[in-house]
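Each reported figure results from applying straightforward, stated rules to the coordinates on display, with no laboratory input. Here the structure is a predicted model, which means the values were calculated and not measured. Cβ atoms come from the backbone with ideal geometry, glycine included; neighbour counts cover every protein chain shown.
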Amino acid sequence: MKLIECVPNFSEGRDARKVEKLIETMSKVPGVWVLDHEMDADHNRSVVTLAGEPDAVAEAALAGTGKAVELIDMTEHTGAHPRVGATDVVPFIPVEGVTLEDCVALARRVAQEIWKRYRIPVFFYEAAATRPDRVNLENIRKGQFEGLREELKKNHDRQPDVGEPKLHPTAGVTVVGARKFLIAYNVNLNTPDVAIANKIAKAIRFSSGGLRFVKSMGVDLKARNIAQVSINLTDYEQTPMHRVYDMVKREAARYGAVPVGSEIVGLVPKKAIEMAADYFLQLENFSPAQVFENKLAAALAGAPLAGKKEGRFAGLVRPFVEAVAEPAATPGGGSVAACGAALAAALGQMVAGLSRKKKSQAFHVDKLSEHLDALRREAEALVEAIDADAASYDAVLAAFKLPHGDSSETARRDQAVQAASKGAAEVPLNVAERSVALFERLGQLETIAAASMKSDLKVARLMAEAGARGAIANVEINLDGIKDATYVGAKRQSVTLLREKLSAVIVA
């Protein structure tokens, strides 16, 4: 099944009847689930979470946009949250069986329909952006509804991607895009001084030199007489919630303030909560497998045949081992190399996690926690590379199957083969780079880890080395079929440097 998420944001958070009408309209589309909705009176904004098959979700988003035109008049709208339209933003997020590129294509189609049906101009953002300066939503929202309305009259650079260079009289414009899962996370302070919230927001957001994958701003919650740091986490695995909360807490202390609570707007991935629980509770030997729902899902997805008793961990590994053993091209050596490196990162996590619980390593707790976070991110990236490597080689095979009868077909086939071959070289090169860096990090970890786990670290480093060398072998074999001499030369130089770096680290 192909599944996507869509999180339309509407500029109405005070009239529950209007929000109910929006939800009712979108709920009527067959094949769509309305999973959640949040209203905020201070922001005067509602966030609705839709899920389902791509075409159905797209139609629901369009229906909601049409209903918003009827219900919301931007000339009368006020609120703490920046906005440019009645349906302010419509992001599409891949969930299952769908790529980010698929969501970009869907965003483009929906944008054309918004203009065709409702005459609302559209801007593209995030992965769907057509210009670098429009990747970030805040750049598009600059000046908000009122400022954009005036600028479009004279500034050619602010013209929308779809539609006429003027706002819909009451609905403004809509921003449509495609992105990864985003967490809307707010931290409330024990002060009404929004200037403090703005200073904290500036310190933590990436655009001002703060945390990667963080967008933030200060908000005045007049109804509660407090200030809020409003945050968007665009990649919660790279920059998790607990790290953001800690930094907000430290920055607030500089101004004599403290957080009095935090909130999640909309839905949040279970993994994000698990990561925060592990960090703050310092759970010993914690694993996502200890979460009941995870264990149940794994059992339902990979239950062994009746009468066949599977070991505690063999059942987790066997499906991949059997897939590799199949007489098929994928998954092959590249996926196995990525898997080996992912296991190295996972073993490093175990060592760091256990070491920071020991009294003998109390002096190194902060550094061990940093390694733990970094190794968790590397393990996730390397696990994703298992499928990415298989998909890249499948693309090569598909290119070779293209027709090559006449000269034009042959040219198209050759072009497709070359493009796919480059893709098949890039994935293992990335794995090799990560594996070499991982090998080096594991060596650093050895100096502060508990002595009782040195053998685990040795195994981890051997696996990281194997992952690096295996990935390099896959890069080289794919380069052999690429005709672009400049590209091949650059990549071979990268491989040589990786080999030299790996050898230097091993000797050291």
With only helices counted (DSSP H, runs n ≥ 4, each -39500 (n - 2.57)), the per-residue ellipticity at 222 nm for the chain, to the nearest 500, works out to -18000 deg cm²/dmol
Could you give me the percent of Cα pairs per 20 Å distance bin for the chain, shortest bin first, beginning at zero and ending with the bin that holds the maximum distance?
-> 19, 48, 31, 2
Using the beta-carbon distance between Arg109 and Glu384 and R0 = 25 Å, what value does 1/(1 + (r/R0)^6) give for FRET efficiency, to the nearest 0.05?
-> 0.40
Beta bridges by DSSP in segment 183-268, antiparallel share as percent, to the nearest 5 | 100
In sequence order, calculated HN-Hα J values of segment 209-215 (Karplus, 6.51, -1.76, 1.60; Hz; x Gly/Pro) | x, x, 6, 5, 6, 10, 10
Please list 2-14, 246-258 highest first by mean number of surrounding beta-carbon atoms within 10 Å per residue.
-> 2-14, 246-258
Got the relative contact order for segment 366-475 handy, in percent, Cα pairs under 8 Å and 6 or more residues apart?
-> 31
Cross-link partners among aspartates and glutamates for Lys501, C-alpha distance below 12 Å, same-chain residues fewer than 8 apart left out?
-> Glu433, Glu440, Glu465
Along the charge dipole of the chain, Cβ charges K/R +1 and D/E -1, which of Ala127, Ala276, Ile140 sits furthest on the positive end?
-> Ala276
To the nearest Å, what is the center-to-center distance of segment 399-467 and segment 14-62, using C-alpha atoms only?
-> 41
Within segment 232-251, find all residues whose amide N lies under 18 Å from a label point positioned 7 Å from the Cα of Leu281 along Cα-to-beta-carbon.
-> 241-243
With an 8 Å cut-off on Cα pairs and a minimum separation of 6 or more residues, tell me the relative contact order of the chain in percent.
-> 10
Stretched out fully, how many nm does the piece from Asn225 to Ala473 gain, at 0.36 nm a residue minus the Cα gap?
-> 83.2 nm
Could you calculate the contour length gain from Val291 to Lys154, that is, 0.36 nm times the residue separation minus the distance between their Cα atoms, to one decimal place in nm?
-> 43.7 nm
What is the distance, in nm, between label points placed 7 Å from the Cα along the Cα-to-Cβ direction at Arg131 and at Val258?
-> 4.7
Can you give the charge dipole size of the chain about its Cα centre, rounded to the nearest 20 debye, using +1 on the beta carbon of Lys and Arg and -1 on the beta carbon of Asp and Glu?
-> 960
Count the DSSP beta bridges whose two residues both fall in segment 3-178, then state the antiparallel fraction as a percent rounded to the nearest 5.
-> 70
Restricting segment 443-508 to trypsin sites (Lys or Arg not before Pro) in coil, as DSSP defines it, with at most 10 other Cβ within 10 Å | Lys483
Please state the charge dipole magnitude for segment 183-268, taken about the Cα centre, from unit charges on C-beta atoms (+1 on K and R, -1 on D and E), reported in debye and rounded to the nearest 20.
-> 220
On the formula 1/(1 + (r/R0)^6), with r taken between the Cβ atoms of Thr410 and Val365 and R0 of 51 Å, the FRET efficiency rounded to 0.05 is 0.25
